[in-house]
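S.K.: One structure follows; several queries about it will come next.
The values are calculated or read from the model by the stated rules, or taken from the named source; none is laboratory data. What you see is a predicted model; the values in this text were computed from it and never measured. Cβ atoms come from the backbone with ideal geometry, glycine included; neighbour counts cover every protein chain shown. Keep in mind that these areas ignore ligands, DNA and RNA; they rest on the heavy atoms of the full protein, side chains included. Shrake-Rupley method; radii C 1.70, N 1.55, O 1.52, S 1.80 Å.
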Amino acid sequence: SEFSITRFAPSPTGHLHLGHAFSALFAEDRARRSGGRFLLRIEDIDAERCKDEYEAAIFEDLAWLGLRWETPVRHQSEHLDDHADALARLAALGLLYPCFCTRKAIRKEIKSARNAPHHGPEGPHYPGTCRRLDPDEAATRKRAGRPFALRLDTEKALSTITRPLVWNDPERGSFTARPERFGDVVLARKDIPASYHLAVTVDDHLQGITLVTRGEDLLPATDIHRLLQALLDLPVPEWFHHPMITDTSGVRLAKRTNAPTLRELREQGMTPEQVRTMADQSAANAQPTLL
Ligand code: GLU
């Protein structure tokens, strides 16, 4: 296959488990098999949830597994200027609006609305309260120092798109993104001048990623990322969303389900080879939810 630049992009909010190991090994394997490059990126824009000790553990666990990556490792938190540039471009296109709503206010608004809310992959759509806010009122609130997020006016954004938002999975073929499923997503949080969707799109581009490999849990998010690429005029990579690794009873491995961490497996005396085999076997048994 053609020369691929891949990445593994963990958030240092906890210890890596077998699912992460599979994801990282998969990305590295795709790069190596194509004579390409494998990069690591630390997704640490959420300073409250990210910890240095988890980051150190990520490097240690991945090295223990036998992975090697290029340095320096990109930290998203060190590139907020790049994210701000992208926001400025979207703002110049008139596609962003400030949103002052609290989560509580949004819940209340949705509850009291006459029509049932649209539900998207990230939950009920934002009801559009601040999209309809009078610009003078928005300016007054900003001057008063009220915190605000920046949301994408998704419908307006889509009205500026002239070509279909297609993307390719090298194994599963062509997909068409449907970002309207999400409603108006947050591109800059109140507490952080970026968001996962924005930072991942900008950073994958700036790192020259040609093949984004990640779990199927993030498949819907690709709709947003593909839209942002179109709006920002960025080249479109390929995506491969691998099935989610489950435990023997079929439960997806996740921090919240107490999946054993790589360091726990190591402390139990497992070798990197055994962990690799376990990850491959679980992956072979995992059911793709896509097809
Ligand atoms: N940082 C994200 C996570 O840990 C992954 C980002 C991605 O692969 O797009 O879930």
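S.K.: Test of understanding: in a Gaussian network model of the chain with alpha carbons linked when under 10 Å, which of 47, 92, 188 would top the mean-square fluctuation ranking?
M.R.: 92
S.K.: Now for a separate question. Ignoring ligands, DNA and RNA, what accessible area per residue does the chain give at 1.4 Å, in Å²?
M.R.: Ligands and nucleic acids excluded, the result is 53 Å² per residue.
S.K.: Does anyone have the angle between helix 52-65 and the longest principal axis of the chain? Alpha-carbon axes, 0 to 90°, nearest 10?
M.R.: The answer is roughly 40 degrees.
S.K.: Turning to a different aspect of this structure: Would you mind calculating the relative contact order of the stretch 52-143 from Cα pairs under 8 angstrom and at least 6 residues apart, reporting the percent as a whole number?
M.R.: 21 percent
S.K.: Can you list, by residue number, the Cys in the chain that have no neighbouring cysteine C-beta under 4.7 Å?
M.R.: If one checks each Cβ against the other cysteines of the chain, 50, 101 turn up with nothing under 4.7 Å.
S.K.: Could I ask something else about it? Within 11 Å, Cβ to Cβ, of residue 263, how many net charges do the neighbouring residues add up to if Lys/Arg are +1 and Asp/Glu are -1? Let's see the in-between values first.
M.R.: On the way: positive: 266; negative: 60, 61, 264, 267.
Once all neighbours under 11 Å are counted, the net charge is -3.
S.K.: Then there is this: Would the stretch 68-203 count as rounded, prolate or oblate if I go by the C-alpha gyration tensor, calling it rounded below 1.5 in a/c and otherwise prolate when a/b exceeds b/c, oblate otherwise?
M.R.: On the way: a/c = 1.83, a/b = 1.26, b/c = 1.46.
Note, shape of the stretch 68-203 comes out oblate.
S.K.: Can you list residues from other chains, or at least 5 along the same chain, whose modelled amide H is less than 5 Å from the amide H of residue 36?
M.R.: 4
S.K.: Another one. What is the sum of charges around residue 37, taking Lys and Arg as +1, Asp and Glu as -1, for the other residues whose C-beta is under 14 Å from the C-beta of residue 37? List each step's numbers first, then the result.
M.R.: Working: positive: 7, 30, 32, 33, 41, 68, 74; negative: 2, 28, 29, 70, 204.
So the environment of residue 37 carries a net charge of +2.
S.K.: Mind checking the stretch 140-210 for GluC sites (Glu not before Pro) that DSSP puts in a loop (not H, G, I, E or B) and that have at most 10 other Cβ atoms within 10 Å?
M.R.: The qualifying sites are 171.
S.K.: Measure nothing but the geometry: give the 0 to 90° angle between the long axis through the Cα atoms of 80-92 and the longest principal axis through the Cα atoms of the chain, rounded to 10°.
M.R.: Roughly 40 degrees between the two axes.
S.K.: Which angle between 0 and 90 degrees, to the nearest 10, do you get for helix 196-206 versus the longest principal axis of the chain when only C-alpha atoms count?
M.R.: Approximately 70 degrees, to the nearest ten.
S.K.: Also, quick follow-up: What residues qualify as long-range amide H neighbours of residue 7, i.e. H under 5 Å apart, gap of 5 or more or another chain, H built at 1.01 Å from N?
M.R.: Distant-sequence amide H within range of residue 7: 39, 213.
S.K.: Looking at the chain as a GNM with Cα springs under 10 Å, which of 34, 11, 23 has the largest mean-square fluctuation?
M.R.: Highest fluctuation of the listed residues: 34.
S.K.: Before anything else, pin down the relative contact order of the stretch 149-267: Cα pairs under 8 Å, at least 6 apart, normalised by residue count, whole percent.
M.R.: 27 percent
S.K.: Of 252, 114, 263, which is the most mobile in a GNM of the chain whose springs link Cα atoms less than 10 angstrom apart?
M.R.: Most flexible of the set in this elastic network: 114.
S.K.: Keeping the other protein chains in place, figure out the carbon and sulfur percent of the accessible area of the chain, with a 1.4 Å probe.
M.R.: 50 percent
S.K.: Give the relative contact order (percent, whole number) for the chain; include only Cα pairs under 8 Å separated by 6+ residues. It would help to have the intermediate numbers written out before the result.
M.R.: Numbers: 442 pairs, mean separation 67.4, N = 291.
Relative contact order, the chain: 23 percent.
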